[in-house]
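What follows is calculated from the coordinates using simple rules that are stated; it is not laboratory data. Treat the numbers as computed from the prediction; the structure is a model and nothing was measured. As a convention, Cβ positions derive from the backbone with ideal geometry for all residues, glycine included, and neighbour counts pool all protein chains shown.
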Amino acid sequence: MMEEMCAYFPRIGDPAPPFEAETTHGVLKLEDYKGSWLILFSHPADFTPVCTTEFIGFAQIEPQLKEMNCKLLGLSIDSVFSHIAWVRNIEENFKIKIPFPVIADLDKDVAMKYGMIMPGESTTVATRCVFVIDPEQIIRAIIYYPLTTGRNMDEILRLMIALQTTDKYGIATPANWRPGDKVIVPPPRTQQMAEKRLKEKGIEVTQWYFSKKKLK
């Protein structure tokens, strides 16, 4: 039964599955986030060491995400009372405020909709998933981590910047791209355009299909 319930996994380009859930900031719905970017992330359990480091990490990058019109929303299969106690414990012991809400998904409704439970790892906790949802509530990126590996906050920030940059300029970003690096110019789609690309000014052409440029 668990395997059947976990069979569907939302994919990049799909509409984000709608939900309404109790959180540490009250009842929230997916549509409450329409018009802004959203990073929906799951963690295995409250009061666990790796998850604690991740919550501290997400809290630290929250101001930068806020500047990009991006909000954070956490989730685990714990009660709202557990979430509140854990958040208060983090703030007391690590002197950092957790500014984002956390879904209390005791019935696993949201976790099932988003394919956050991996039966091969555990049937009782959500793995470390990251869903990047755009202002039109389309899933733009998905990252999965195993229970044993904490997430890289620099990569999550880099991903958000890259997505917004590609949307704004109609380009792609190469491996290990950072803001300020050259970007990839989309390759020509006809033979005529390929011939033209080789003579095009203002871009760095290595081959007709491989060109870079600096963003102004």
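In angstroms, what radius of gyration and Dmax does segment 64-157 have, counting Cα atoms only?
Rg, Dmax (Cα atoms, Å): 14.1, 38.
Stretch F81-L215 to full length: gain in nm at 0.36 nm per residue minus the Cα-Cα span? Could the numbers behind the result be given before it?
Values: separation 134, 0.36 × 134 = 48.24 nm, distance 4.77 nm.
Extra length available between F81 and L215 comes to 43.5 nm.
If you take the charge dipole of the chain about its Cα centre, with +1 on Lys and Arg Cβ and -1 on Asp and Glu Cβ, which of L65, N176, Q207 is farthest toward its positive end?
Farthest towards the positive end: Q207.
Students often get this wrong, so check it: of K71/K214; K71/K201; K29/K97; K168/K199; K97/K216; K34/K216, which have C-alpha atoms separated by over 32 Å?
Working: K71/K214 29 Å; K71/K201 39 Å; K29/K97 23 Å; K168/K199 25 Å; K97/K216 37 Å; K34/K216 30 Å.
In this structure, K71/K201; K97/K216 lie more than 32 Å apart at Cα.
Can you compute the modelled spin-label distance between E31 and L157, with each label point 7 Å from Cα toward Cβ, in nm?
Distance between the two pseudo-spin positions: 3.5 nm.
Nothing charged except the Cβ atoms of Lys and Arg (+1) and of Asp and Glu (-1): what's the magnitude of the dipole of the chain about its Cα centre? Round to the nearest 20 debye. It would help to have the intermediate numbers written out before the result.
Details: 26 positive and 27 negative charges, 324 e Å.
Dipole about the Cα centre, nearest 20: 1560 debye.
Once the piece of chain linking E92 and R189 is laid out straight, how much longer is it, given 0.36 nm per residue of separation minus the C-alpha distance between them?
Values: separation 97, 0.36 × 97 = 34.92 nm, distance 5.69 nm.
The span from E92 to R189 would gain 29.2 nm if fully extended.
What does DSSP give for the chain in terms of the percent of beta bridges that are antiparallel, rounded to the nearest 5? The partial results should precede the final answer.
Working: 22 of 32 bridges.
If we restrict to bridges inside the chain, about 70 percent are antiparallel.
Residues with beta-carbon under 11 Å from that of V80, excluding V80: net charge, scoring Lys, Arg +1 and Asp, Glu -1? Intermediate results must be reported in sequence, preceding the final value.
Values: positive: none; negative: E22, D46, D78, D105.
For residues surrounding V80, the net value is -4.
What angle, in degrees between 0 and 90 and rounded to the nearest 10, separates the Cα long axis of helix 80-94 from the longest principal axis of the Cα atoms of the chain?
Once rounded, the angle reads 70 degrees.
Would you work out which of S36, Q192, I90 lies farthest towards the positive end of the dipole of the chain? Charges go on Cβ: Lys and Arg +1, Asp and Glu -1.
Going by the charge dipole, the pick is Q192.
Compute the distance in nm between two label points, each set 7 Å from the Cα along the Cα-to-Cβ direction, one at Y144 and one at W208.
3.9
Return the loop-located trypsin sites (Lys or Arg not before Pro) in segment 33-111 (DSSP other than H, G, I, E, B) with at most 11 other Cβ atoms within 10 Å of their own Cβ; answer none if there are none. Mind showing how you got there, number by number?
Working: sites: K34, K66, K71, R88, K95, K97, K108; in loops: K34, K95, K97, K108.
Within segment 33-111, the qualifying trypsin sites (Lys or Arg not before Pro) (loop, at most 11 other Cβ atoms within 10 Å) are K95, K97.
Just the Cα atoms of segment 165-216, one point each, no solvent: what log10 I(q)/I(0) does Debye give at q = 0.15, 0.21, 0.24, 0.29 Å⁻¹?
Values, matching the q order: -0.40, -0.74, -0.92, -1.18.
List the extent of the Cα atoms of segment 1-77 along each of their three principal axes, largest first, rounded to whole Å.
Largest first, segment 1-77 extends 40, 34, 26 Å along its Cα principal axes.
If Lys and Arg each add +1 and Asp and Glu each add -1, what is the summed charge of the other residues whose beta carbon sits under 12 Å from the beta carbon of L159?
Working: positive: R140, R151, R158, R178; negative: D154, E155.
Combined, the nearby Lys, Arg, Asp and Glu give +2.
Calculate, in nm to one decimal, what W177 and E136 gain on full extension: separation in residues at 0.36 nm each, minus their alpha carbon distance. Spell out each step's value before the answer.
Working: separation 41, 0.36 × 41 = 14.76 nm, distance 2.53 nm.
Taking 0.36 nm per residue and subtracting the Cα distance, the gain is 12.2 nm.
Counting other Cβ atoms within 10 Å of each Cβ, which GluC sites (Glu not before Pro) in segment 79-146 have at most 16 and sit in a DSSP loop?
On the way: sites: E91, E92, E121, E136; in loops: E121, E136.
Sites meeting the loop and neighbour criteria: E121, E136.
Using alpha carbons only, what's the Rg to Rh ratio of segment 2-151 with Rh from Kirkwood? Spell out each step's value before the answer.
On the way: Rg = 14.3 Å, Rh = 15.4 Å.
Radius of gyration relative to Kirkwood radius: 0.93.
In deg cm²/dmol and to the nearest 500, what is the mean residue ellipticity at 222 nm of the chain if only DSSP H runs of at least 4 residues count, each as -39500 (n - 2.57), divided by the residue total?
Working: 6 runs with 67 residues, N = 216.
Helix-only estimate at 222 nm: -9500 deg cm²/dmol.
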